[in-house]
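Asker: Quick one: structure below, then a few questions.
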Amino acid sequence: MSFRIVGIYETGQSVEEMGAVILLKDAQEIFKKPRQVTYYQIKTTRPEMTEPVIKEIERRFPKLVAARSANSMDNQAASTLLRAMGWFIGLLAVIGGGLGMMNTMLMSVYERTKSACCARWAGGGGASWG
Amino acid sequence: MIAREALMLGFIGGIAGIVFGVGLGALMAQEPTLGAYLQPVYTLPVLLQAIAVALVLGSVGALYPAWRAANLSPIEALRYE
(Lines give C-alpha, C1' and ligand atoms only; values in the text may rest on other atoms or scores of the structure.)
Protein backbone atom coordinates (compact mmCIF):
# COMPACT_ATOMS: atom_id res chain seq x y z
CA MET A 1 0.00 0.00 0.00
CA SER A 2 1.48 3.36 -0.95
CA PHE A 3 0.52 6.83 0.28
CA ARG A 4 0.93 10.34 -1.05
CA ILE A 5 1.81 13.09 1.43
CA VAL A 6 -0.85 15.78 1.14
CA GLY A 7 0.29 18.02 3.94
CA ILE A 8 2.24 18.44 7.18
CA TYR A 9 0.72 19.80 10.37
CA GLU A 10 1.95 20.46 13.88
CA THR A 11 0.03 19.82 17.09
CA GLY A 12 2.69 20.55 19.69
CA GLN A 13 2.22 16.99 21.03
CA SER A 14 5.46 15.10 20.39
CA VAL A 15 3.69 11.71 20.23
CA GLU A 16 1.28 12.94 17.57
CA GLU A 17 3.96 14.73 15.58
CA MET A 18 5.86 11.50 15.17
CA GLY A 19 2.83 9.82 13.61
CA ALA A 20 0.93 10.04 10.37
CA VAL A 21 -2.79 10.45 9.68
CA ILE A 22 -4.33 7.93 7.29
CA LEU A 23 -7.87 6.79 6.55
CA LEU A 24 -9.44 4.54 9.18
CA LYS A 25 -10.25 1.93 6.53
CA ASP A 26 -6.58 1.80 5.42
CA ALA A 27 -5.36 1.56 9.01
CA GLN A 28 -7.75 -1.32 9.74
CA GLU A 29 -6.47 -3.10 6.65
CA ILE A 30 -2.77 -2.55 7.45
CA PHE A 31 -3.10 -3.69 11.07
CA LYS A 32 -5.56 -6.46 10.15
CA LYS A 33 -8.23 -5.20 12.55
CA PRO A 34 -11.34 -4.93 10.39
CA ARG A 35 -14.22 -2.98 11.97
CA GLN A 36 -12.10 -2.20 15.04
CA VAL A 37 -11.09 1.12 16.53
CA THR A 38 -8.67 1.24 19.47
CA TYR A 39 -8.61 4.98 20.14
CA TYR A 40 -11.04 7.86 19.71
CA GLN A 41 -10.28 11.48 20.45
CA ILE A 42 -13.33 13.52 21.38
CA LYS A 43 -13.29 17.29 21.76
CA THR A 44 -16.10 18.82 23.81
CA THR A 45 -17.28 22.29 22.88
CA ARG A 46 -17.66 23.28 26.53
CA PRO A 47 -14.86 22.30 28.97
CA GLU A 48 -17.32 21.72 31.84
CA MET A 49 -18.98 18.99 29.77
CA THR A 50 -15.82 16.82 29.71
CA GLU A 51 -16.51 14.98 32.98
CA PRO A 52 -20.22 14.28 32.22
CA VAL A 53 -19.24 13.01 28.75
CA ILE A 54 -16.61 10.68 30.26
CA LYS A 55 -19.20 9.37 32.76
CA GLU A 56 -21.80 8.87 30.03
CA ILE A 57 -19.36 6.97 27.78
CA GLU A 58 -18.35 4.68 30.65
CA ARG A 59 -22.03 4.15 31.58
CA ARG A 60 -23.06 3.26 28.03
CA PHE A 61 -19.96 1.26 27.10
CA PRO A 62 -18.57 -0.40 30.24
CA LYS A 63 -15.77 -2.08 28.25
CA LEU A 64 -14.33 1.26 27.09
CA VAL A 65 -11.82 3.37 29.01
CA ALA A 66 -12.51 7.10 28.81
CA ALA A 67 -9.97 9.61 30.09
CA ARG A 68 -8.94 13.23 29.69
CA SER A 69 -6.14 13.69 27.17
CA ALA A 70 -3.80 14.74 30.00
CA ASN A 71 -4.44 11.37 31.71
CA SER A 72 -4.65 9.20 28.62
CA MET A 73 -0.90 8.47 28.66
CA ASP A 74 -1.35 6.92 32.10
CA ASN A 75 -3.56 4.23 30.59
CA GLN A 76 -1.17 3.33 27.78
CA ALA A 77 0.50 -0.05 27.97
CA ALA A 78 3.86 1.53 27.08
CA SER A 79 3.76 3.93 30.01
CA THR A 80 2.76 1.07 32.34
CA LEU A 81 5.73 -0.92 31.07
CA LEU A 82 8.07 2.06 31.48
CA ARG A 83 6.81 2.59 35.02
CA ALA A 84 7.33 -1.10 35.89
CA MET A 85 10.82 -0.98 34.37
CA GLY A 86 11.60 2.12 36.40
CA TRP A 87 10.61 0.37 39.64
CA PHE A 88 12.61 -2.72 38.69
CA ILE A 89 15.75 -0.72 37.86
CA GLY A 90 15.26 1.31 41.05
CA LEU A 91 15.00 -1.87 43.12
CA LEU A 92 18.14 -3.27 41.49
CA ALA A 93 19.98 -0.01 42.20
CA VAL A 94 18.87 -0.08 45.84
CA ILE A 95 20.01 -3.71 46.33
CA GLY A 96 23.28 -3.10 44.44
CA GLY A 97 23.92 0.14 46.31
CA GLY A 98 23.24 -1.47 49.69
CA LEU A 99 25.53 -4.42 48.98
CA GLY A 100 28.22 -2.12 47.59
CA MET A 101 28.08 0.09 50.67
CA MET A 102 28.24 -2.94 52.98
CA ASN A 103 31.25 -4.32 51.08
CA THR A 104 33.05 -0.96 51.18
CA MET A 105 32.52 -0.55 54.91
CA LEU A 106 33.43 -4.18 55.67
CA MET A 107 36.70 -3.74 53.77
CA SER A 108 37.29 -0.53 55.70
CA VAL A 109 36.76 -2.44 58.98
CA TYR A 110 39.08 -5.28 57.91
CA GLU A 111 41.83 -2.87 56.89
CA ARG A 112 41.64 -1.03 60.18
CA THR A 113 41.27 -4.05 62.43
CA LYS A 114 44.80 -3.66 63.72
CA SER A 115 44.53 0.03 64.58
CA ALA A 116 41.06 -0.54 66.06
CA CYS A 117 42.36 -3.30 68.30
CA CYS A 118 45.39 -1.24 69.32
CA ALA A 119 43.08 1.62 70.23
CA ARG A 120 40.97 -0.81 72.28
CA TRP A 121 44.10 -2.01 74.07
CA ALA A 122 45.03 1.56 74.84
CA GLY A 123 41.63 2.11 76.39
CA GLY A 124 39.60 3.41 73.46
CA GLY A 125 35.90 2.62 73.71
CA GLY A 126 34.52 -0.09 71.45
CA ALA A 127 31.34 1.77 70.62
CA SER A 128 33.29 4.70 69.15
CA TRP A 129 34.47 2.39 66.36
CA GLY A 130 30.94 1.36 65.44
CA MET B 1 32.90 6.04 63.31
CA ILE B 2 32.04 3.45 60.62
CA ALA B 3 28.39 4.57 60.63
CA ARG B 4 29.43 8.23 60.32
CA GLU B 5 31.72 7.36 57.41
CA ALA B 6 28.94 5.38 55.74
CA LEU B 7 26.56 8.32 56.08
CA MET B 8 29.15 10.63 54.52
CA LEU B 9 29.73 8.13 51.71
CA GLY B 10 25.97 7.81 51.19
CA PHE B 11 25.58 11.59 51.01
CA ILE B 12 28.47 11.99 48.54
CA GLY B 13 27.13 9.03 46.53
CA GLY B 14 23.67 10.64 46.47
CA ILE B 15 25.06 13.94 45.17
CA ALA B 16 27.20 12.10 42.58
CA GLY B 17 24.15 10.07 41.54
CA ILE B 18 22.07 13.24 41.06
CA VAL B 19 24.81 14.86 38.95
CA PHE B 20 25.16 11.67 36.89
CA GLY B 21 21.37 11.36 36.50
CA VAL B 22 20.94 14.98 35.41
CA GLY B 23 23.79 14.54 32.91
CA LEU B 24 22.26 11.35 31.56
CA GLY B 25 18.85 13.03 31.34
CA ALA B 26 20.34 15.93 29.36
CA LEU B 27 22.07 13.44 27.07
CA MET B 28 18.83 11.50 26.60
CA ALA B 29 16.94 14.71 25.73
CA GLN B 30 19.43 15.27 22.88
CA GLU B 31 18.31 12.04 21.24
CA PRO B 32 15.36 13.00 18.97
CA THR B 33 13.11 9.94 19.37
CA LEU B 34 13.60 9.28 23.08
CA GLY B 35 13.82 12.99 23.87
CA ALA B 36 10.44 13.59 22.24
CA TYR B 37 8.74 10.97 24.42
CA LEU B 38 10.49 11.52 27.71
CA GLN B 39 11.43 14.90 29.03
CA PRO B 40 13.26 14.85 32.36
CA VAL B 41 11.74 17.00 35.11
CA TYR B 42 13.76 17.73 38.25
CA THR B 43 11.93 18.93 41.32
CA LEU B 44 13.31 19.65 44.79
CA PRO B 45 11.27 16.87 46.49
CA VAL B 46 12.62 14.29 44.01
CA LEU B 47 16.22 15.41 44.59
CA LEU B 48 15.71 15.37 48.37
CA GLN B 49 14.15 11.91 48.07
CA ALA B 50 17.24 10.70 46.16
CA ILE B 51 19.56 11.99 48.89
CA ALA B 52 17.33 10.49 51.60
CA VAL B 53 17.39 7.08 49.88
CA ALA B 54 21.19 7.29 49.55
CA LEU B 55 21.53 8.17 53.27
CA VAL B 56 19.19 5.36 54.33
CA LEU B 57 21.06 2.89 52.09
CA GLY B 58 24.36 4.10 53.51
CA SER B 59 23.24 3.62 57.10
CA VAL B 60 21.55 0.26 56.44
CA GLY B 61 24.61 -0.99 54.53
CA ALA B 62 26.88 0.06 57.39
CA LEU B 63 24.87 -1.62 60.16
CA TYR B 64 26.71 -4.94 60.06
CA PRO B 65 30.22 -3.48 59.48
CA ALA B 66 29.66 -0.99 62.32
CA TRP B 67 28.44 -3.73 64.66
CA ARG B 68 31.47 -5.83 63.71
CA ALA B 69 33.86 -2.93 64.31
CA ALA B 70 32.28 -2.15 67.69
CA ASN B 71 32.64 -5.76 68.83
CA LEU B 72 36.23 -6.35 67.67
CA SER B 73 38.29 -8.37 70.09
CA PRO B 74 41.86 -7.15 70.79
CA ILE B 75 43.02 -10.72 70.07
CA GLU B 76 41.94 -10.17 66.46
CA ALA B 77 44.86 -7.76 65.99
CA LEU B 78 47.31 -10.63 66.50
CA ARG B 79 45.82 -12.40 63.49
CA TYR B 80 46.57 -9.38 61.32
CA GLU B 81 50.22 -9.22 62.33
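The values are calculated or read from the model by the stated rules, or taken from the named source; none is laboratory data. Remember, it's a predicted structure, so these values are computed and weren't measured experimentally. Quick reminder, even Gly has a Cβ in these numbers, built from the backbone with ideal geometry, and neighbours come from all protein chains shown. Accessible surface areas use protein heavy atoms only, side chains included; no ligands, DNA or RNA. Shrake-Rupley method; radii C 1.70, N 1.55, O 1.52, S 1.80 Å.
Asker: Please give, to one decimal in nm, the separation of the simple spin-label points placed at residue A:1 and residue A:20, each 7 Å out from Cα toward the Cβ.
Answerer: The two pseudo-label positions are separated by 1.1 nm.
Asker: Rounded to the nearest 100 Å², what's the accessible area chains A and B bury against each other, both chains counted, probe 1.4 Å?
Answerer: On the way: alone 12310 and 6630 Å², together 16380 Å².
So the total buried area for this chain pair works out to about 2600 Å².
Asker: Seen from all sides and averaged, what is the projected area of the convex hull of the Cα atoms in the protein assembly as shown, in nm²? Walk me through the numbers before you get to the answer.
Answerer: Numbers: hull surface 80.7 nm².
Spelled out: convex hull of the Cα atoms, projected over all directions, averaged, 20.2 nm².
Asker: Let me ask something additional. R0 = 41 Å: FRET efficiency of residue A:58 with residue A:10, Cβ-based, nearest 0.05?
Answerer: Values: r = 32 Å, r/R0 = 0.78.
Result of the calculation: an efficiency of 0.80.
Asker: Applying the Karplus parametrisation 6.51 cos²θ - 1.76 cosθ + 1.60 with θ = phi - 60° to the phi angles of segment A:43-48, what ³J(HN,Hα) value in whole Hz is obtained for each residue in order, glycine and proline being reported as x?
Answerer: The phi angles translate into 10, 8, 6, 10, x, 5 Hz.
Asker: Among the lysines in the protein assembly as shown, how many pairs, 8 or more places apart or on different chains, have alpha carbons under 22 Å apart?
Answerer: Working: A:25/A:33; A:25/A:43; A:32/A:63; A:33/A:63; A:43/A:55; A:43/A:63; A:55/A:63.
Lysine pair count for the protein assembly as shown: 7.
Asker: Nearest 20 debye, what's the magnitude of the dipole of the protein assembly as shown about its Cα centre given +1 on Lys and Arg Cβ and -1 on Asp and Glu Cβ?
Answerer: Here the size comes out at about 520 debye.
Asker: Could you pull the accessible area for residue A:112 with a 1.4 Å probe, rounded to 10 Å²?
Answerer: It works out to around 60 Å².
Asker: Here is a follow-up. Which value, in Å² and to the nearest 10, is the accessible area of residue A:2 when all protein chains are kept and the probe is 1.4 Å?
Answerer: Roughly 110 Å² of residue A:2 is accessible to a 1.4 Å probe.
Asker: When a/c is below 1.5 the answer is rounded, else prolate if a/b is larger than b/c, else oblate, so apply that to segment A:24-65 with a ≥ b ≥ c taken from the square roots of the Cα gyration tensor eigenvalues. Could the numbers behind the result be given before it?
Answerer: Working: a/c = 4.85, a/b = 2.01, b/c = 2.42.
It is oblate, given that a/c is not under 1.5 and a/b is not larger than b/c.
Asker: Further, regarding this structure: By the gyration tensor of its Cα atoms, with a ≥ b ≥ c the square roots of the eigenvalues, what is the shape of segment A:1-72: rounded for a/c under 1.5, prolate for a/b over b/c, or oblate?
Answerer: Numbers: a/c = 2.77, a/b = 1.46, b/c = 1.90.
Cα axes put segment A:1-72 in the oblate bin.
Asker: Now for a separate question. With unit charges on the beta carbons (Lys and Arg positive, Asp and Glu negative) and the dipole taken about the Cα centre of the protein assembly as shown, which residue among B:13, A:12, A:113 sits farthest to the positive side?
Answerer: Result: A:12.
Asker: Related question: Direction-averaged shadow area of the convex hull around the Cα atoms of chain B, nm²? Before the final figure, lay out the partial values.
Answerer: Working: hull surface 30.6 nm².
Averaging across all directions leaves 7.6 nm² for the Cα convex hull.
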